[in-house]
Ligand code: NAD
């Protein structure tokens, strides 16, 4: 069946990738009978159906991971040996890179240029952790206060449940899988029901890399399957990326048995344009990163803070640049703005646009569906100005191409507005003076911030303050999230 223009799911993906789960080193037929439709965001047709896991599938996956952890070789391998497997996974991903890009675009309509830019970072994560374990100290000999000997060792946290969303499916799963494998954990992963196929391809790569059976297991399904997985007592840790609402429910379920948990959640990040900034240079970052993949990215710069006396000038230049974005079919390499990923996203985003109008913000551009697109979930890139930070469009994560421009009086006011948010994920400062930008960055309560650009890197920790999450992914901090610390005192 053909999906978004130019991708044929049946021809381009093997039967096992479309119909089976990867459990205990085998591609198995799901026991559960439910199926979940993948709907094209361009044509609104059903592209394919993916099986959903039932309880018996969860049992099989969880038990396989538990056996592989408790009795298998994987957690006890030297870390450098696990690193060699990670390198092979990266190599297998590289072989499939063109398909991975197209699969991402086919499932959720991310412009192909965006999928192309994102895929190498997923591969880098496996390379990065393969290299890190070559020199990371998993054991550290120390002296006690009285001169005794003690070894402080880092051990894998155990069996981990990994749950990911649809909006950057391969990279978000790779953050977790690469670090968890490097640490020696075994895994049960559940991808989003809208994007099962990147995870299936990753499972194929893990299998081809020779990772032992039971170390990586993959099931599919929606919220109920995720909640059932989180509740399984055999899991020692849950690592979740998704909405803040689901993250809170998962944290509460984990608290019940004190399972370890990390959460990568929503954002409402501010781009602060200082009065000395070169606006045309700043727009080179703000235009693509205020609505990357249509604003369906957690670190989108959805609040743009500009000095009040320069606000009109800024809005004119920003709106001109936004209006020049090419809206079109996501498989077309020239497309910058494709459709939203699904109907519920379309409804959510249009609802927020209505709310912004009702709250009294001024629509500077956009404001509805793309006029000549009757089918598909296309929404015009939309900019509101005269936004007050207490409006819901400035406080809540819209997850669409809707940006609020907010005026500020001075730097203190800019910091106050940036921090007046339940979230604290990302952000950026634009200035002619990088040290001034750095000083300001230190005052913003957020997990990541860039000066005069926006960067996310596999080797650098990513995560949120406040309701944007708990814990970090990427970098050494990402590895530590999958390790427990044990002190062994050596008495003579
Ligand atoms: P979502 O929370 O609805 O779902 C995410 C995943 O969790 C899916 O696999 C879903 O099936 C599962 N799930 C949902 N409720 C669950 C529950 N109660 N128990 C267990 N599993 C459950 O989010 P979404 O709509 O798929 O993704 C968009 C959200 O993800 C946005 O809020 C976005 O900001 C966030 N996100 C955060 C980051 C980050 O790194 N901070 C990255 C990407 C996306």
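State whether one or more residues within segment 264-280 are in contact with a helix residue (DSSP H, G or I) (Cβ under 8 Å, 6 or more places away or on another chain), farther than 24 Å from residue 452 by Cα and in contact (Cβ under 8 Å) with a residue 24 or more places away in the chain. Steps first, answer last, please.
First pass over segment 264-280, keeping only residues in contact with a helix residue (DSSP H, G or I) (Cβ under 8 Å, 6 or more places away or on another chain): 264-266, 268, 270-276, 279-280.
Subset that is farther than 24 Å from residue 452 by Cα: 264-265.
Next cut, in contact (Cβ under 8 Å) with a residue 24 or more places away in the chain only: 264-265.
Yes, because at least one residue in segment 264-280 is in contact with a helix residue (DSSP H, G or I) (Cβ under 8 Å, 6 or more places away or on another chain), farther than 24 Å from residue 452 by Cα and in contact (Cβ under 8 Å) with a residue 24 or more places away in the chain.
Please enumerate the residues belonging to segment 158-184 that are over 21 Å from residue 99 (Cα atoms), in contact with a helix residue (DSSP H, G or I) (Cβ under 7 Å, 6 or more places away or on another chain) and crowded, with 24+ Cβ neighbours inside 10 Å. Write out each step before concluding.
Of the residues in segment 158-184, the ones over 21 Å from residue 99 (Cα atoms) are 158-163, 176, 179-184.
Keeping just the survivors that are in contact with a helix residue (DSSP H, G or I) (Cβ under 7 Å, 6 or more places away or on another chain) gives 158-163, 179, 181-184.
Of everything in segment 158-184, those that are over 21 Å from residue 99 (Cα atoms), in contact with a helix residue (DSSP H, G or I) (Cβ under 7 Å, 6 or more places away or on another chain) and crowded, with 24+ Cβ neighbours inside 10 Å turn out to be 159, 160, 161, 162, 163, 179, 181, 182, 183, 184.
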Inset, instruction - Run down 16, 95 and say which single residue is more than 24 Å from the chain's Cα centre (by Cα), closer than 23 Å to residue 216 by Cα and surrounded by fewer than 18 Cβ atoms within 10 Å (Cβ to Cβ). - result: 16
Legend entry - Hits in segment 424-458 (condition: within 16 Å of the ligand (Cβ to nearest atom), in a loop (DSSP other than H, G, I, E, B) and more than 15 Å from residue 281 (Cβ to Cβ)): 425, 426, 445, 446, 447, 448, 449, 455, 456, 457, 458
Legend entry - Residue satisfying condition, being at pLDDT 95 or above, loosely packed, with under 15 Cβ neighbours inside 10 Å and within 15 Å of the ligand (Cβ to nearest atom), within set 309, 344, 357: 344
Legend entry - residue 221 more than 8 Å from the ligand (Cβ to nearest atom), farther than 30 Å from residue 287 by Cβ and surrounded by 22 or more Cβ atoms within 10 Å (Cβ to Cβ): no
Inset, instruction - Kindly indicate whether any position in segment 187-206 is touching a residue at least 12 places away in the same chain (Cβ under 8 Å), more than 12 Å from the ligand (Cβ to nearest atom), in contact with a helix residue (DSSP H, G or I) (Cβ under 7 Å, 6 or more places away or on another chain) and within 20 Å of residue 263 (Cα to Cα). - result: yes
Inset, instruction - Inspect segment 403-413 for any residue being closer than 27 Å to residue 444 by Cα, part of a strand (DSSP E or B), within 16 Å of the ligand (Cβ to nearest atom) and in contact (Cβ under 8 Å) with a residue 60 or more places away in the chain and give the result as yes or no. - result: yes
Inset, instruction - Specify the residue that is surrounded by the fewest Cβ atoms within 10 Å (Cβ to Cβ); the eligible residues are those in segment 389-415 that are out of contact with any helix residue (DSSP H, G or I) (no Cβ under 7 Å at 6 or more places or on another chain) and closer than 24 Å to residue 363 by Cα. - result: 390
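Hey, among 226, 242, which residue is within 9 Å of the ligand (Cβ to nearest atom) and touching a strand residue (DSSP E or B) at 6+ places or on another chain (Cβ under 6 Å)? Show your work before the answer.
Details: 242 fails: touching a strand residue (DSSP E or B) at 6+ places or on another chain (Cβ under 6 Å).
One residue alone meets the criteria, 226.
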Legend entry - Candidate set: segment 249-262, residues that are more than 8 Å from the ligand (Cβ to nearest atom) and touching a residue at least 40 places away in the same chain (Cβ under 8 Å); chosen: the one surrounded by the most Cβ atoms within 10 Å (Cβ to Cβ): 262
Inset, instruction - Go through segment 465-492 and count every residue that is assigned to a loop (DSSP other than H, G, I, E, B) and surrounded by 14 or more Cβ atoms within 10 Å (Cβ to Cβ). - result: 7
Inset, instruction - Would you point out which residue out of 6, 33, 83, 72 is part of a loop (DSSP other than H, G, I, E, B) and closer than 29 Å to residue 133 by Cα? - result: 72
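The values are calculated or read from the model by the stated rules, or taken from the named source; none is laboratory data. All of these numbers come straight from a predicted model, not from anything done at the bench. Counting neighbours? That spans all protein chains shown, and the Cβs are built from the backbone with ideal geometry, glycine included.
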